[in-house]
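Reading through the structure tokens given below for one structure.
The values are calculated or read from the model by the stated rules, or taken from the named source; none is laboratory data. This one's a predicted model, so the numbers in the text were calculated from it and none came from an experiment. No Cβ is skipped: glycine too gets one built from the backbone with ideal geometry, and neighbour counts run over all protein chains shown. Only protein heavy atoms, including side chains, enter the accessible area calculation; ligands, DNA and RNA are left aside. Shrake-Rupley method; radii C 1.70, N 1.55, O 1.52, S 1.80 Å.
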Amino acid sequence: QREEENMKHSVSILILLALCLNCFGQEDEHMDRKALRDSLSQASNVLAYHPDSLDLRLRKAKWNIILEEWQYAREEYDYVLNRQPDNVAALFYRAFVNEKQHRYKFARLDLEHLLYVVPGNFEATLGLALLNQKDNRHTEAMNMINLLVEQHPANALAYAARAGMEVEQKLYAPAEYDYGKAIELSPDNTDYLLSRADVRLRMKDKKGAREDLDRMVSLGISRASLSVWYAKCK
């Protein structure tokens with residue numbers, strides 16, 4: 001049951017990782033919490049001597065987000081945006097923080113402002129589509145994600161995001177197709193493979209699901225860690 005619950009949030013997790021790692025650097029993901037807190041403490045100490053530095057505030061907010069300190073992160077982004085209303089990074093990540101705090105109206109305003117500053121921005125459009133989905137604006141969400149796929153046909157994340165929306169609406173056949181496209185574009189992405197395996201199980205295609213799991217094992221995922229999923233394929 002826990003694995004199934006995790007699957008419901010897989011798309012949001014994928015998008016968070018893809019977008020945050022692009023801006024923060026993958027090395028941060030491999031640091032333990034003590035190292036992260038040490039980095040945050042160091043950033044806070046430096047900021048105390050340079051309170052007007054927007055770069056330092058953005059740096060500190062980075063550590064706050066990684067440590068899931070949403071309120072502290074939002075305060076830093078508020079400070080930055082009060083002085084630079086069109087700061088793209090601050091707008092995007094404050095929208096993310098607002099969403100984590102269930103402040104959907106404010107998240108929407110930040111993403112819409114970001115799209116005004118940078119029309120057609122992939123991350124902002126994707127974020128707004130997902131926010132619409134979460135806010136039960138399914139038609140708007142699907143229209144936006146369809147447009148995003150049309151504009152970025154070589155972006156695996158766009159297909160995976162659309163597939164996630166389709167799963168939520170129980171549109172399993174289109175979701176399987178979209179995960180397939182995402183896998184074509186990103187063959188080593190085990191998250192996409194697991195997501196498609198889940199969809200195939202929902203469609204009673206145990207053979208196809210097993211093939212996805214076997215492929216994950218061939219890519220280095222421990223078979224033992226997939227034991228629950230293999231059991232579902234019997």
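For ALA156, indicate whether it is in contact with a helix residue (DSSP H, G or I) (Cβ under 6 Å, 6 or more places away or on another chain) and either farther than 27 Å from LEU226 by Cβ or free of Cβ contacts under 8 Å to residues at least 12 places away in the same chain (or both). When the stated conditions are applied, ALA156 does not pass them. Scan the range 112-126 and tell me whether some residue there is part of a helix (DSSP H, G or I), touching a residue at least 60 places away in the same chain (Cβ under 8 Å) and open to solvent by less than 20 Å² (accessible area, probe 1.4 Å). Yes, the conditions are met somewhere in the range 112-126. Out of the residues in the range 130-146 meeting the condition of being closer than 12 Å to TYR104 by Cα and assigned to a helix (DSSP H, G or I), tell me which one is nearest to the chain's Cα centre (by Cα). The selected residue is LEU130. Scanning the range 83-109 for residues that are open to solvent by 70 Å² or more (accessible area, probe 1.4 Å), over 22 Å from LEU56 (Cβ atoms), part of a loop (DSSP other than H, G, I, E, B) and touching a residue at least 24 places away in the same chain (Cβ under 8 Å) gives no hits. LYS170 fulfils the conditions (1) part of a helix (DSSP H, G or I); (2) under 24 Å from ASN143 (Cβ atoms); (3) under 22 Å from the mean Cα position of the chain (by Cα) except for a single criterion, (1). For the range 175-209, a residue qualifies if it is part of a helix (DSSP H, G or I) and among the hydrophobic types (A, V, I, L, M, F, W, C), and the qualifying residues are ALA175, ALA182, ILE183, LEU185, LEU193, LEU194, ALA197, VAL199, LEU201, ALA209. Report whether or not TYR159 is among the hydroxyl-bearing types (Ser, Thr, Tyr), within 23 Å of ASP198 (Cα to Cα) and either touching a Lys or Arg at 6+ places or on another chain (Cβ under 7 Å) or modelled with pLDDT under 95 (or both). Taking the combined requirement at face value, the residue satisfies it.
Only one of ASP178, ASP205, ASP212 is over 27 Å from ASN143 (Cβ atoms), surrounded by 24 or more Cβ atoms within 10 Å (Cβ to Cβ) and of a type outside the set (A, V, I, L, M, F, W, C). Can you tell me which?
Result: ASP212 is the single residue among ASP178, ASP205, ASP212 that is over 27 Å from ASN143 (Cβ atoms), surrounded by 24 or more Cβ atoms within 10 Å (Cβ to Cβ) and of a type outside the set (A, V, I, L, M, F, W, C).
Contact annotation: residue pairs with Cβ atoms under 8 Å, 6 or more positions apart or on different chains, pairing a residue in the range 173-191 that is farther than 14 Å from ILE221 by Cβ with a partner that is assigned to a loop (DSSP other than H, G, I, E, B), are ALA173/MET203; GLU176/MET203; ALA182/ASN189; ILE183/ASN189; LEU185/ALA154; LEU185/ASN155.
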